[in-house]
Amino acid sequence: MPSSYNLSYTKTDADLLNTLKSPSKGYWVALAILSIGLLIGAYGWGSQIYYGMGMSGKNNPVGWALYITTFVFWVGIAHSGTLISAILFLFRVRWRAPVYRSAEAVTVFALCVAGLFPLIHLGRPWVFYWMLPIPQMGEMFPNFKSPLVWDLFAVFTYLTVSSTFFVLGMMPDVAILRDKFRGWKKKVYGVLALGWRGTDQQWRHYTAAYLFLAALATPLVISVHSIVSWDFAMSVVPGWHDTIFAPYFVAGAIHSGLAMVIILLVPMRKWFSLKEYITDHHLASLAKLMIFTAFVVGFAYAIEFFMAWYGGDIYKRDVFLFRAFGPYWWSFWGLFFFNFILPMLFWWHKYRTNTVWLIVVSIGVSIGMWLERFVIIVTSLSHEYNPFAWGSHFLTSTEVYIIIGSFSLFFFLFMVFAKILPVVSNWEVKEVIEPPKKK
Amino acid sequence: MSAYKGSHILSVYATIDELIEGIHALKKEGKKKFSVISPVPHHDIEHELHPKPSPVRVFTLIGGLFGFTLGWALTYYATESYPLIVGGKPYISIPPYGIIAYILTILFGALATIAGLFINARLPEFVIKDAYDERLSSDHFAIQYYGDETELDTVKDILNKTGAVETHKKIEEIPQKNQFVD
């Protein structure tokens, strides 16, 4: 963050409080719309539980469909938060300070939403505890050789570590709110601040803990989506059984996560007047990072096709031809356009500093990344080895309701967060600006 | 888990330069029983106080090792208690169990780090017993000095000379001894 910014400790506090003032009418309207979306999702899930799994479009052979597609999508969205908060922290990237809190919130809320999908997919969500590592009848534990069990461990650990990092990072900022507010708000923020005073001893242990948490969270960025990718790659389904899946999924996750961060940051900086914190430089930096991730995913698409041709496996080759020229061609070419072609606009300075284009491209990438998971899951399962076992997935209204509900839940959580807790890390912004000095 | 250590004063500064001057003045007088409060960690303050590396790292290490061991133990125990033999192959499988051990290393490392922070930083402290100034989380700095009443008055004068804008004093209430002694 350039030091030429006209910020002081007093101003950052005033701006922080400004984000928490009473919400406008527009905020309540948005929250009401999202609540309707939530009810739609609840109706979809409720009706699926009541009438059975036939309400979803899942069938034989497409036994994993939109729920797992959306699960992988949300886990992917979660990745940018830890990339920005932990990895960029370890590399001492100065521009991360104003944007990381929102990115971290994206991680936590996206994981909360993602965690629902395996339950929705189960059919009998009330026996979810069968997935936990506790013995069932006859001392029988879940099978630890199954990637689905690894997945449970990985996602749970990721949620725990990123939530801890998120909450811990807010402690000094919540102490500011405790000291600024009066009445019941002071009491609530007082409890949340846990008695933080900012003594040198507290800072000494705090900065150490923060560093170690960042160091522990960093391998998770790589491993969580690698493990999610092994849900597919460990099987023998053509189109899934690929060694490139782990890096391919991680790059895709960061790609979609960056897009979601931009989608949230652009309106947020306008509504909360945070242009001095989240500058064009920050947005342009995120856009540049997206060019890089677009190239990585583009490379992965190319390698997948190359290996399908070069590997000589006729089943795999057929699946890839099916992806590009079969009935799901629109999803394949859609993902290629949205994930690789569209972000190339960011090579031009005018596009990466134009908020409208930033939003357009980011929404495009989000759609593209969802399509990518759809293509991987649905096209492979619907076109396996035996032509007599080929099939299709038919979209049902229940699936649409549940997906609408998941997006509504994510944005609902983010909007509530933005009004009760600081969206910009005040103490870390203060770290990169000049402290009060004698004139 | 209170950080309260007894009688003390809290001298509040408006600028970091004056705070550093205050620290210099105390050092010059050979006075060491103080701590510094600031809204953010600052290199100048660290440079003056020369803090030792935090013991939180030991907690992280122990937590990580515990998680690593637990991961192997859990998977080994689960397989031994219900062996699933497929094709006559060994049923203890290192690579997948390594994944569980790796994830639990991170999980318990992180949880132990938080425990280490709370234990060492004396948190949570829902009622702050020390003298405190609400500007300290925002844009002011402070030196907190511990000592008896006479010493506190001397230190207060020293710190006021270096530019402290306000000084809060907190004297420990010594419990009355039993008056009815034979």
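The values are calculated or read from the model by the stated rules, or taken from the named source; none is laboratory data. Please read all numbers here as calculations on a predicted model, not as lab measurements. Here the Cβ positions follow ideal geometry from the backbone for every residue, glycine too, while neighbour counts run over all protein chains shown.
Considering each residue of segment A:320-340 in turn, at least one proves to be more than 25 Å from the chain's Cα centre (by Cα), farther than 22 Å from A:Gly252 by Cβ and not aliphatic (A, V, I, L, M).
Quick one: in segment A:169-185, which of the residues that are surrounded by fewer than 18 Cβ atoms within 10 Å (Cβ to Cβ) and either part of a helix (DSSP H, G or I) or aromatic (Phe, Trp, Tyr) (or both) is farthest from the other protein chains (Cβ to nearest Cβ)?
So in segment A:169-185, the residues surrounded by fewer than 18 Cβ atoms within 10 Å (Cβ to Cβ) come out as A:181-185.
Still in the list and also either part of a helix (DSSP H, G or I) or aromatic (Phe, Trp, Tyr) (or both): A:181, A:184-185.
Numbers: A:Phe181: 10, A:Trp184: 16, A:Lys185: 14 Å.
Going through the qualifying residues, I end up with A:Trp184.
Return the residue satisfying two criteria in turn: it lies in segment A:329-387 and is part of a helix (DSSP H, G or I) and of a type in the set (Ser, Thr, Tyr), and of such residues it is farthest from A:Lys316 (Cα to Cα). Per the criteria, the residue is A:Thr355. Of all residues in segment B:27-50, those that are surrounded by fewer than 20 Cβ atoms within 10 Å (Cβ to Cβ) and assigned to a helix (DSSP H, G or I) total 8. Within the set B:Leu84, B:Leu70, the sole residue that is more than 9 Å from chain A (Cβ to nearest Cβ) and over 29 Å from A:Glu428 (Cα atoms) turns out to be B:Leu70. Every listed requirement among (1) in contact with a Ser or Thr (Cβ under 6 Å, 6 or more places away or on another chain); (2) β-branched (Val, Ile, Thr); (3) assigned to a loop (DSSP other than H, G, I, E, B) is met by B:Ile9 save one, (3).
Of all residue pairs spaced 6 or more apart or on separate chains, those with beta-carbon atoms under 9 Å, a first member in segment A:53-71 that is among the aromatic types (Phe, Trp, Tyr) and a second member that is part of a loop (DSSP other than H, G, I, E, B) are A:Trp64/A:Lys58; A:Tyr67/A:Ser56; A:Tyr67/A:Lys58. The set of residues in segment A:277-300 that are over 20 Å from A:Trp348 (Cα atoms) and touching a Phe, Trp or Tyr at 6+ places or on another chain (Cβ under 6 Å) contains only A:Ala300. Might you check whether a residue that is touching a residue at least 40 places away in the same chain (Cβ under 8 Å) and under 16 Å from A:Ser80 (Cβ atoms) occurs anywhere in segment A:302-320? No, every residue in segment A:302-320 fails to be touching a residue at least 40 places away in the same chain (Cβ under 8 Å) and under 16 Å from A:Ser80 (Cβ atoms). State whether the residues of segment A:416-423 include one that is closer than 30 Å to A:Phe322 by Cα, assigned to a helix (DSSP H, G or I) and at pLDDT 90 or above. No: zero hits.
Applying the criterion of being touching a Phe, Trp or Tyr at 6+ places or on another chain (Cβ under 8 Å) and surrounded by 19 or more Cβ atoms within 10 Å (Cβ to Cβ) to the residues of segment B:121-138, the residue that is farthest from the other protein chains (Cβ to nearest Cβ) is B:Asp130.
Out of the residues in segment A:191-215 that are part of a helix (DSSP H, G or I) and among the hydroxyl-bearing types (Ser, Thr, Tyr), which is farthest from the other protein chains (Cβ to nearest Cβ)? Give the derivation first.
So in segment A:191-215, the residues part of a helix (DSSP H, G or I) come out as A:191-193, A:200-215.
Going one step further and asking which of them are among the hydroxyl-bearing types (Ser, Thr, Tyr), we end up with A:206-207, A:210.
Working: A:Tyr206: 6, A:Thr207: 5, A:Tyr210: 9 Å.
Filtering segment A:191-215 for residues that are part of a helix (DSSP H, G or I) and among the hydroxyl-bearing types (Ser, Thr, Tyr), the one farthest from the other protein chains (Cβ to nearest Cβ) comes out as A:Tyr210.
Scanning segment B:105-155 for residues that are charged (D, E, K, R), free of Cβ contacts under 8 Å to residues at least 12 places away in the same chain and touching a helix residue (DSSP H, G or I) at 6+ places or on another chain (Cβ under 8 Å) gives a single hit, B:Glu134. Would you check if there is a residue in segment A:222-235 being facing chain B (nearest Cβ under 10 Å), over 30 Å from B:Val56 (Cα atoms) and touching a residue at least 60 places away in the same chain (Cβ under 8 Å)? There is at least one residue in segment A:222-235 that is facing chain B (nearest Cβ under 10 Å), over 30 Å from B:Val56 (Cα atoms) and touching a residue at least 60 places away in the same chain (Cβ under 8 Å). Applying the set (1) more than 8 Å from chain A (Cβ to nearest Cβ); (2) in a helix (DSSP H, G or I); (3) under 25 Å from A:Gly198 (Cα atoms) to B:Leu117 leaves exactly one unmet item: (1).
The residues on offer are A:Ile278, A:Ile263, A:Ile291, and the sole one that is of a type in the set (A, V, I, L, M, F, W, C), outside any helix (DSSP H, G or I) and either touching a helix residue (DSSP H, G or I) at 6+ places or on another chain (Cβ under 9 Å) or more than 30 Å from A:Ala97 (Cβ to Cβ) (or both) is A:Ile278.
Go through A:Ala209, A:Ala193, A:Ala215 for me and flag whichever is over 22 Å from A:Lys11 (Cα atoms) and buried (at least 24 other Cβ atoms within 10 Å of the Cβ). Please lay out each step first, then the result.
Numbers: A:Ala193 fails: over 22 Å from A:Lys11 (Cα atoms); A:Ala215 fails: buried (at least 24 other Cβ atoms within 10 Å of the Cβ).
Answer to the check: A:Ala209.
Screening A:Val188 with (1) under 16 Å from A:Trp230 (Cα atoms); (2) assigned to a helix (DSSP H, G or I) gives one miss only, at (1).
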